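Report on the following structure.
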Amino acid sequence: MSFDLDAVRARFPALSITDDGKRRIYLDNPAGTQVPQSVADAMSSCLIESNANIGGGFVSSENAAAVVASARRAMADLLNAPSPDEIVFGHNMTTITMHLSRALGRLFRPGDEIVLTRMDHDANVWPWVLLARDRGLEVKWLPFDTETAEFDPDDLDKLLSGRTRLVCFGAASNLTGTINDVRAFCARARDSGALTYVDAVQSVPHIATDVQALCCDFLVCSPYKFFGPHQGVLYGRRDVLERLEPYKVRPAPGDAPECFETGTQNHEACAGITAAVEYLAWIGRSMAGATGRPAALRAAMALLFEYEKVLTERLIDGLLRIDGLTVHGISSKEALDRRVPTVSFTHATTAPAHIAQSLADENIFVWSGHNYAVEAARALGIYDSGGAVRIGPVHYNSPDEIDETLAALDRVLCS
Ligand SMILES: Cc1ncc(COP(=O)(O)O)c(C=O)c1O
C-alpha cells in the first residue's frame, strides 16, 4: 500500500475550483489549508442537528456536548495525549497562548526567568514578553544559526538556570521550515525544573505528534493548518493544568479542561476537528492498512511525511537553479528529515511581495513577508526588506503543481 494522491485530492472540493478557467495552486498552506468535504459536512450537520448550548436535558444540547467530547477524543488521539481531559479548545493558538500566559504567570515571581527563541512565530514570543513585563520576569533568548537555520541544543543549556521557570519554543518554524528536537529540549528544560510550552502549529500538519514521548507540559496547534476549521487546541499535562488558577467567570466550570475555555465554544468547529482527524486516520487505514485511530494517525503521518519530502526536494532543487535566489533554511537533500516542506527564499533583485503577486496573477497562491516570525526574519536580516517568499506544500499538492510554480518563477525572475 502507498500514498494515493488522486484519492486524497478527490476529497478536497477546493482543489478543483478554477477561476477564469485557471486552476488554483494552493501553496499558502502554512497560513491555512483547504478542508475535505467531510469536514464541511460535519460542520454543517452540527449547525443543523446539534445547535444548542451545552448542559440542557434536551436532544440538541446533548448532541452538542457529544460533539465537543468527540473532538476532545479525536485531538487526544492525534497528539497521543493520555486523556481527552488534557485537551483545551480556544479561538486560535494565539488567543489560547495569551490566555494561558496569564494563568501561568501566577506561578512566577519577579526575577524568575523564561527562555524564548529567535526562531519562533510571534504567537509564542510576544504573549510571554508581555507576561515578563507584567510580572517582572527576565527573558533569555535562544539564538539559532542563521546559516543552518537550526538551534544548537547546547545553547539552551547555557541559558537554563535554577531560576528558569518556562521554556517556549516551536516544533517547526513557519519561516525556515526547520523541525526542532522537541524531545531533547523538553528533557533539558525539565532537568532544570522548567515547564515547556511547545508551538506545534507548523509541525502537526506534517509529522506525527506524541506529547507523551516528547514529555512536554503544553503543546498548541491550530486545526485550520491541518485540514480542519479555524480553531486552536492546547494539550496541557493534567498535573500542570491542575496547578493553574484559570482566568474565568464565576459560573463557568471549575475543572480542567472546561475551566480554561472562556465562554461558549465553537461547537461546529469541534465537529470539523473530529472530521479532520478522521480524514487523516482514513489515510492511515486505507493507504497503510493500519487499524484503530491512534495507529492509523501515526501511519498516515509517516506516509505524508515521506511523500512531502519528494515535493520538498523537487521544490528546493528547482529554486536553487535560479540565479540570485537564496533559500533560507535547510536545503541539502540528506537533511530533509529535519524540515517540513515550508520553503522561504529571497531573490537578489526582486522584492518578495512582487514575486508573490506575480504568482498570484497566475493563480498560484503563496505568501511573502515575515509571516509573523518577527525574530527569525530579523535574525536572517530580511525583516526590513520585505521578508521572504514562502512556498508551503502539503500532501494534497502534486509534483506537477511544484513544476508549474517553478516555471512561473522562471518567468518572473529569469526573463
Ligand atoms: C508557528 C505558528 N505559531 C502560531 C501561529 C498562530 O496560530 P493561530 O492563527 O492559530 O493563532 C501560526 C500561524 O501561522 C504559526 O505558523
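The values are calculated or read from the model by the stated rules, or taken from the named source; none is laboratory data. Here the structure is a predicted model, which is why all the values come from computation and not from measurement. Reconstructed Cβ throughout: ideal geometry from the backbone, glycine too, with neighbour counts over all protein chains shown.
Kindly indicate whether Asp217 is more than 16 Å from the ligand (Cβ to nearest atom) and either surrounded by fewer than 21 Cβ atoms within 10 Å (Cβ to Cβ) or at pLDDT below 95 (or both).
no
Which ranges mark the strands (runs of 3 or more DSSP E) fully within segment 72-185 that have 3 or more residues being within 18 Å of Thr196 (Cβ to Cβ) and away from the ligand (no atom under 16 Å from the Cβ)?
In segment 72-185, the matching strands (runs of 3 or more DSSP E) lie at 113-117, 138-142, 164-170.
For Ala252, state whether it is assigned to a loop (DSSP other than H, G, I, E, B), closer than 30 Å to Val389 by Cα and away from the ligand (no atom under 16 Å from the Cβ).
No; evaluated as a whole, the condition is false for this residue.
Say whether the condition of being at pLDDT 95 or above, closer than 13 Å to Ala271 by Cα and polar (S, T, N, Q) is met by at least one residue in segment 71-85.
No, because not a single residue in segment 71-85 is at pLDDT 95 or above, closer than 13 Å to Ala271 by Cα and polar (S, T, N, Q).
Scan segment 40-94 for residues that are out of contact with any Phe, Trp or Tyr (no Cβ under 9 Å at 6 or more places or on another chain) and charged (D, E, K, R) and jot them down.
Within segment 40-94, Asp41, Glu49, Glu62, Arg73, Asp77, Asp85 meet the criteria.
Quick check: is even one residue across segment 227-238 more than 14 Å from the ligand (Cβ to nearest atom), outside any strand (DSSP E or B) and of a type outside the set (Phe, Trp, Tyr)?
Checking segment 227-238: at least one residue is more than 14 Å from the ligand (Cβ to nearest atom), outside any strand (DSSP E or B) and of a type outside the set (Phe, Trp, Tyr).
Any residue in segment 14-37 that's without any contact (Cβ under 8 Å) to a residue 24 or more places away in the chain and under 26 Å from Asn92 (Cα atoms): show its pairings with residues that are within 16 Å of the ligand (Cβ to nearest atom) and part of a loop (DSSP other than H, G, I, E, B) at Cβ separation under 9 Å, as long as the two are six or more apart or on different chains.
Pairs that qualify, where the first residue is without any contact (Cβ under 8 Å) to a residue 24 or more places away in the chain and under 26 Å from Asn92 (Cα atoms) and the partner is within 16 Å of the ligand (Cβ to nearest atom) and part of a loop (DSSP other than H, G, I, E, B), are Ala14/Gln34; Ala14/Val35.
Ser344 is checked against (1) within 16 Å of the ligand (Cβ to nearest atom); (2) in contact with a helix residue (DSSP H, G or I) (Cβ under 6 Å, 6 or more places away or on another chain) and fails just one. What number does that condition carry?
(2)
Can you tell me which residue in segment 13-56 is surrounded by the fewest Cβ atoms within 10 Å (Cβ to Cβ), limited to those that are part of a loop (DSSP other than H, G, I, E, B), assigned by TED's automatic domain parsing to the domain that holds Tyr372 and in contact with a Ser or Thr (Cβ under 9 Å, 6 or more places away or on another chain)?
Gly32
Within the set of pairs 6 or more residues apart or between chains, which connect a residue that is at negative phi inside segment 183-195 to a residue that is surrounded by 15 or more Cβ atoms within 10 Å (Cβ to Cβ) and part of a helix (DSSP H, G or I) with Cβ atoms less than 8 Å apart?
Arg183/Leu214; Phe185/Leu156; Cys186/Leu214; Arg188/Leu156; Ala189/Leu156; Leu195/Leu104; Leu195/Ala189; Leu195/Val240
Can you tell me which of (1) buried (at least 19 other Cβ atoms within 10 Å of the Cβ); (2) more than 24 Å from the chain's Cα centre (by Cα); (3) over 28 Å from Glu401 (Cα atoms) is the one Leu241 doesn't meet?
(2)
Write out, first by first residue and then by second, each pair whose Cβ atoms fall under 7 Å of each other, whose residues are 6+ apart or on separate chains, and whose first residue, in segment 141-158, is touching a residue at least 60 places away in the same chain (Cβ under 8 Å) and not assigned by TED's automatic domain parsing to the domain that holds Cys186 while the second is exposed (fewer than 15 other Cβ atoms within 10 Å of the Cβ) and among the aromatic types (Phe, Trp, Tyr).
Between residues of segment 141-158 that are touching a residue at least 60 places away in the same chain (Cβ under 8 Å) and not assigned by TED's automatic domain parsing to the domain that holds Cys186 and residues that are exposed (fewer than 15 other Cβ atoms within 10 Å of the Cβ) and among the aromatic types (Phe, Trp, Tyr), there is no close pair.
Tally up the residues in segment 296-336 that are within 18 Å of the chain's Cα centre (by Cα), in contact (Cβ under 8 Å) with a residue 40 or more places away in the chain and surrounded by fewer than 20 Cβ atoms within 10 Å (Cβ to Cβ), please.
2
In this structure, is Val59 closer than 30 Å to Ser45 by Cβ, assigned by TED's automatic domain parsing to the domain that holds Ser192 and either more than 16 Å from the ligand (Cβ to nearest atom) or modelled with pLDDT of 95 or more (or both)?
In short, yes.
Name every residue in segment 380-412 that is assigned to a loop (DSSP other than H, G, I, E, B), surrounded by fewer than 20 Cβ atoms within 10 Å (Cβ to Cβ) and either without any contact (Cβ under 8 Å) to a residue 60 or more places away in the chain or at positive phi (or both), in order of residue number.
Those that are assigned to a loop (DSSP other than H, G, I, E, B), surrounded by fewer than 20 Cβ atoms within 10 Å (Cβ to Cβ) and either without any contact (Cβ under 8 Å) to a residue 60 or more places away in the chain or at positive phi (or both): Gly381, Gly386.
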